[in-house]
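The block underneath contains the structure these notes are about, expressed in structure tokens.
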Amino acid sequence: MAALALVACTALLAPGSGALGSEARHAARPVDASSLKPAIVWKRIPFGTKRKRQMAAYSKRHYGERTWELTDPHVVVEHYTDGPSFSSAWNTFAANSLHLGEMPGVCSHFIVDTDGTIYQLVNMGIRCRHAIGMNWTAIGIEMVGTSDGQILNRRPQLRAALALTLWLLAKFGIEVRNVIGHAETLMSPYHRELYPSWQCLTHSDWQHADMRIFRRKLKRMATQAGVPIGPRPQWVDSNC
Ligand SMILES: [Zn+2]
């Protein structure tokens, strides 16, 4: 985890400072991630010992390590709920019911409502089951809605989702290229899945073309805030 992102700051150098040593020329100004934290409303779903044990067993089956803990996340996966309301999504995640024949139930760390309210459901130190192949290293953000296009045109919600994602970038040192749509998971270099029959499973929320728009906006915000954006994407061929 990187609590502070570093950005090269030539502005710190005084005019005519060319005679300074290389150490001074590479002076870096830390971006305080906490200054980018948006307003977040906690609305916890139950995630007690039993669900954690189920998540650890899921991790063992699908990623090869028995743990429910999410440490050093590298990826943010963007979703939409494909449902009518925040409460219907929250109820689905709280229910902890069987999904694809397995426990625990599906889950998301955050839900962004249509009016831009950001709800947090789960501590970010917990693995949440929101995207096959990614849960070992990915934070999940759900947006209430039924299509990418709808959310791209819903300003308060889009702005909130971008602000939340930007904060996560700064907080964990995540690169913009690893902010992906659920529909892009199979192209991610971080995709891992031990079940052969699950290796090509993904969803249709947040398609590549729409995520390019999302990432472009995010990149602009990151640049303005002094948050490092990282290198260009390197997608992988999933052979699916
Ligand atoms: Zn999804």
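Miscellaneous remarks
- Ordering 86, 106, 165 by the projection of their Cα atoms onto the charge dipole of segment 34-225, which places +1 on the Cβ of Lys and Arg and -1 on the Cβ of Asp and Glu, puts 165 at the extreme positive end.
- Of all lysines in the structure, those lying under 29 Å Cα to Cα from residue 217, and not within fewer than 8 positions of it along the same chain, are 37, 43, 171.
- Square roots of 5 times each gyration tensor eigenvalue, C-alpha, segment 145-240, largest first, Å: 24, 17, 11
- Value at 222 nm in deg cm²/dmol, rounded to 500, when DSSP H runs of n ≥ 4 in the chain each add -39,500 (n - 2.57): -9000 deg cm²/dmol
- Charge tally in the Cβ shell below 12 Å around residue 130, where Lys, Arg are +1 and Asp, Glu are -1, residue 130 excluded: -1
- Choice from 167, 68, 42 showing the highest fluctuation, given a GNM over the chain with Cα pairs closer than 10 Å: 42
- Reach of residue 50 by Cα under 21 Å, taken over lysines that are not fewer than 8 positions away in the same chain: 60
- Where the Cα pairs of the chain fall when distances are cut into 5 Å bins, in %: 1, 6, 14, 18, 19, 16, 11, 6, 3, 3, 2, 1, 0, 0
- Net charge dipole size for the chain [Lys, Arg +1 and Asp, Glu -1 on Cβ; Debye, nearest 20]: 360 debye
- Computed from backbone phi with θ = phi - 60° and the Karplus coefficients 6.51, -1.76 and 1.60, the 3J(HN,Hα) list for segment 115-129 is 8, x, 5, 9, 9, 10, 9, 9, 4, 6, x, 10, 6, 10, 8 Hz; x is used for glycine and proline.
Every read-out reported here was derived from the displayed coordinates using simple, explicitly stated rules and does not represent laboratory data. Not measured: the values here are computed from a predicted model. Neighbour counts are summed over all protein chains in view; Cβ atoms, including those assigned to glycine, are modelled from backbone coordinates with ideal geometry.
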